[in-house]
Structure formats: C-alpha cells, structure tokens
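The values are calculated or read from the model by the stated rules, or taken from the named source; none is laboratory data. Just so we're clear, the structure is a prediction, and the values are computed from it rather than from any experiment. In this analysis, Cβ positions are derived from the backbone assuming ideal geometry, glycine residues included, and neighbour counts consider all displayed protein chains.
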C-alpha cells in the first residue's frame with residue numbers, strides 16, 4: 001500500500017471494518033451451531049422413530065410418505081376418521097354371538113365413550129353443564145350457578161382498574177409538566 005492509502009484509512013473506518021468482521025465471525029459461528037443442532041435433532045428424530053416403530057415399520061412409513069405428494073397426504077389427513085368403527089365391528093360380532101355378556105358390556109362402554117359430535121365452534125359457544133342447568137332449571141335439587149361471586153369480582157376489578165388509570169394519568173401529567181418546565185427554562189436562558 002502507498003502512503004496515500006494509509007491516510008485514507010482513518011481510525012473510525014478501521015473500527016467499523018473490525019466491527020463488521022467480528023459480526024461476520026459471530027454470525028458464521030451461530031450458523032454453524034444452528035446447523036449442528038438441526039442435524040442432531042434430525043438424528044434424534046430418526047432414532048426415536050426406530051425405537052418406536054422398529055426398522056421395518058419405519059422403512060414402510062418412509063416409503064409410503066415418499067410415494068405420496070404433499071397435497072395427497074393433506075387430503076387424506078383432512079378426511080375425518082370413522083369414530084364408530086369399533087362399534088360397527090362390535091355390532092357385527094353381536095349378530096354372531098348375541099348372548100355374550102362381555103360383548104354387551106364392551107358395546108355399552110363404546111356407546112358411553114362416543115358422545116354426540118359437536119363442531120369446534122360449538123365447544124366455544126356452549127357449555128354442556130350450562131345447557132343441562134338451563135334445561136332442568138325448575139327441578140328440585142339441581143345446582144344453579146351463583147352469579148353474585150362473579151359480580152363482586154368484576155366490581156373489585158373495576159376499582160383496581162380505575163386506580164391504575166388514575167396513577168397512570170398522574171404520572172403522564174407529571175412527566176409533561178417536567179418537560180414543559182425544562183422547555184421554559186431552556187427558552188428563558190437562550191434569550
């Protein structure tokens with residue numbers, strides 16, 4: 001390098017170049033660490049699949065997934081499963097063995113486990129317990145929900161919320177007042 005080039009490189013430029021160099025090194029190290037973590041997680045996943053399914057089953061799963069396209073796999077997953085499948089099998093067995101007590105108990109358990117299907121929005125909007133309370137409101141011995149407890153909690157929350165707003169407004173007003181005083185002081189001494 002010539003003397004002119006040394007003059008052009010100031011200390012600030014050198015520091016900026018050095019900072020960029022350090023950032024680049026840190027970024028490459030982070031990328032390497034992230035890549036090694038990703039590879040390790042893939043290895044762990046492979047080992048877990050082998051432990052859970054065994055080598056043969058894992059290979060079958062991989063082959064079936066490789067042969068299908070993503071859209072085909074998603075469409076297969078989107079088809080709802082038949083939740084009455086076991087019950088249908090049990091009913092067919094009941095036709096053959098009509099007097100089997102164990103089979104009858106199994107059918108009762110299956111019917112008990114399969115509740116009425118609701119769409120996900122309905123779970124958010126309606127509560128079964130609340131529906132039952134509304135249906136049997138006039139019957140003696142049915143518990144009703146106590147709404148007074150919720151009302152008192154709501155009132156306490158309102159009071160606390162009002163206090164928080166009061167203190168927040170007070171802090172904002174105090175900071176504005178200080179800023180105004182500082183501006184007046186600066187303007188007064190500048191003139």
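Go through region 77-88 and give me each residue that's at pLDDT 80 or above and exposed (fewer than 12 other Cβ atoms within 10 Å of the Cβ). Break it down into steps so the answer makes sense when it comes.
Taking region 77-88 first, the residues at pLDDT 80 or above are 85-88.
Correct list: 85, 88.
Residue by residue, here is whether (1) surrounded by fewer than 10 Cβ atoms within 10 Å (Cβ to Cβ); (2) under 30 Å from the mean Cα position of the chain (by Cα); (3) modelled with pLDDT under 85 holds:
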| position | (1), (2), (3) |
| --- | --- |
| 101 | yes, no, no |
| 125 | yes, yes, yes |
| 141 | yes, no, yes |
| 148 | yes, no, yes |
| 176 | no, no, no |
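Just to be sure, is residue 5 at pLDDT below 90 and either outside any helix (DSSP H, G or I) or surrounded by 10 or more Cβ atoms within 10 Å (Cβ to Cβ) (or both)?
Spelling it out, it is not the case that residue 5 is at pLDDT below 90 and either outside any helix (DSSP H, G or I) or surrounded by 10 or more Cβ atoms within 10 Å (Cβ to Cβ) (or both).
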### Task
Report whether or not residue 46 is in a helix (DSSP H, G or I), over 30 Å from residue 107 (Cβ atoms), at pLDDT 85 or above and out of contact with any helix residue (DSSP H, G or I) (no Cβ under 7 Å at 6 or more places or on another chain).
no
